[in-house]
Amino acid sequence: MENSDVLGSSTAPLTLHDFFERMRQPSAADFVKAIKSFVVSFSNNAPNPEKDSAAVQEFLANMEAAFRVHPLWAGCSEEDLESAGEGLEKYVMTKLFTRVFASLPDDVKLDDQLFEKMALIQQFIRPENLDIKPNFQNETSWLLAQKELQKINMYKAPRDKLACILNCCKVINNLLYHASIASNENPPGADEFLPVLIYVTLKANPPQLHSNLLYIQRYRRQSRLVAEAAYFFTNMLSAESFISNIDANALSMDETEFEKNMESARALLSSLSADMDGVPNQNDQNIGHAPRAEPLELKQQSLKDSAVRPQSPEIKSGNKDVACAKDQLSMTKIPSISDLENKGATMLMKEDQVSQVFQEYPYLFAHVGDLTINDVDDLLNNYKQLVFKYVCLSKGLAVATPSHPLSISQTQAQSHAETCKRI
């Protein structure tokens, strides 16, 4: 399901490439100067979400108004002007992302609290707890909806993040619509839609959900957050509010049973986290050195990775699978790089959170048209770091380094180097 499809035909032509092509024209020099000046001045100010949002909205509105009367867009359709506005928003917010996303400690704290709460509740929540009718229950469609929502942290532009939410909602909406037809019932409304969205969100548990929703609210162009997009986004805000305040009454559950389930979930996640914390470094073990402590960030991520995979067998099956996990983690044989690659590929294919695994590698999802000359240095540095880490890993495991670790022939590599020189 393409992100461009769910936001309507008026925004379908969006590509950053089109926007850059316009901005490369000599007559666009004033636009380029104004955009760069805004980004720099904005970045130098201390975070203030309310003022930041107003400043961005005003700048985008003023620039789009200027586009309409500029010769660059003379004779263009409304569709072309919409595409220009979308390109502007994407470029500006990609540049400002690290400055405005989760910029306040309180937002970060709420993200962590929401994530932890969903990680616990997803261990025992059942559709019946949210009064979801049996004919509206479809685990396959729900899984697809979860995966769409879990993509939200792969993107920086507000529109792209919003598209992940809308894709998720459309999967749910289509499920309910077809189920109602099959049951000869009236078309489903908000009373049927919202409980399913809550359930899917709990199971998906995307990290930083609170900050993502605030980011869309603040920096998505207000004139485009309308109609279907506004309806589904409002439902997601309602789902977040419901989950934040969820208790036994909200789940049609006895208070004692609710607390018991929460404690069991805490024990399970704590056990999984402890298993990861206690794994010694294999190389240190084999050379007689004391095992090094695992970095705190990695420990926390281990807990998150285990918590956000509600369908994985090791979580659903309880103690039996925890024991299996211990056995796997206690292996003393040092695998070859090939073994590690094959094992990793197999695990990746089963991964429910593939989007999260790759979210730190922005160029992996880029298209040729998205890249500019300015990206060459960054890409080259990333490539050098990757090769260095790969060779160090090979040496550390005492195995031969493959001739072409990235499956690129010498001819292709030489051609790439020559191209970079010409640039």
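Under 12 Å from the Cβ of residue 259, count the other residues' Cβ atoms, weight Lys and Arg +1, Asp and Glu -1, and hand me the total. So the environment of residue 259 carries a net charge of -3. Rounded to a whole number, what is D in µm²/s for the range 46-173 from Stokes-Einstein with the Kirkwood radius over alpha-carbon pairs (37 °C, 0.692 mPa s)? Translational D for this selection: 182 µm²/s. Can you work out the PRE-style zone for residue 37? Point 7 Å along Cα to Cβ, and I want the residues of the range 62-89 with backbone N under 15 Å. The answer is 62-63, 66. When every Cα-Cα distance of the range 127-279 is counted in 5 angstrom steps from zero, the calculated P(r) takes the values 1, 8, 16, 18, 18, 15, 11, 7, 3, 1, 0, 0 percent. Computed extension gain for residue 98 through residue 371, at 0.36 nm per residue and net of the alpha carbon distance, reaches 96.3 nm. The simple spin-label model puts a point 7 Å past each Cα toward its Cβ; for residue 383 and residue 270 those points are separated by 5.0 nm.
What ranking of 22, 266, 159 emerges when the number of other C-beta atoms within 10 Å of each C-beta is taken as an exposure proxy, fewest first? Least crowded to most crowded, the residues run 266, 22, 159. Normalised by the number of residues in the range 3-100, the average gap of Cα pairs under 8 Å and 6 or more apart makes the relative contact order 47 percent. Placing +1 on each Lys and Arg Cβ and -1 on each Asp and Glu Cβ, with no other charges, gives the range 3-100 a dipole about its Cα centre of roughly 540 debye. Qualifying chymotrypsin sites (Phe, Trp or Tyr not before Pro) in the range 153-195, where qualification requires a DSSP coil assignment and no more than 13 other C-beta atoms within 10 Å, are lacking entirely. Placing a pseudo-label 7 Å from each Cα along the Cα-to-Cβ vector at residue 25 and residue 174 gives an inter-label distance of 3.8 nm.
Any read-out appearing in this document is the output of simple, stated calculations on the displayed coordinates, not a laboratory observation. If you're wondering where the values come from, they're calculated on a predicted model, not measured in any experiment. A quick note on method: Cβ atoms are made from the backbone with ideal geometry, for glycine too, and the neighbour counts reach across all protein chains shown.
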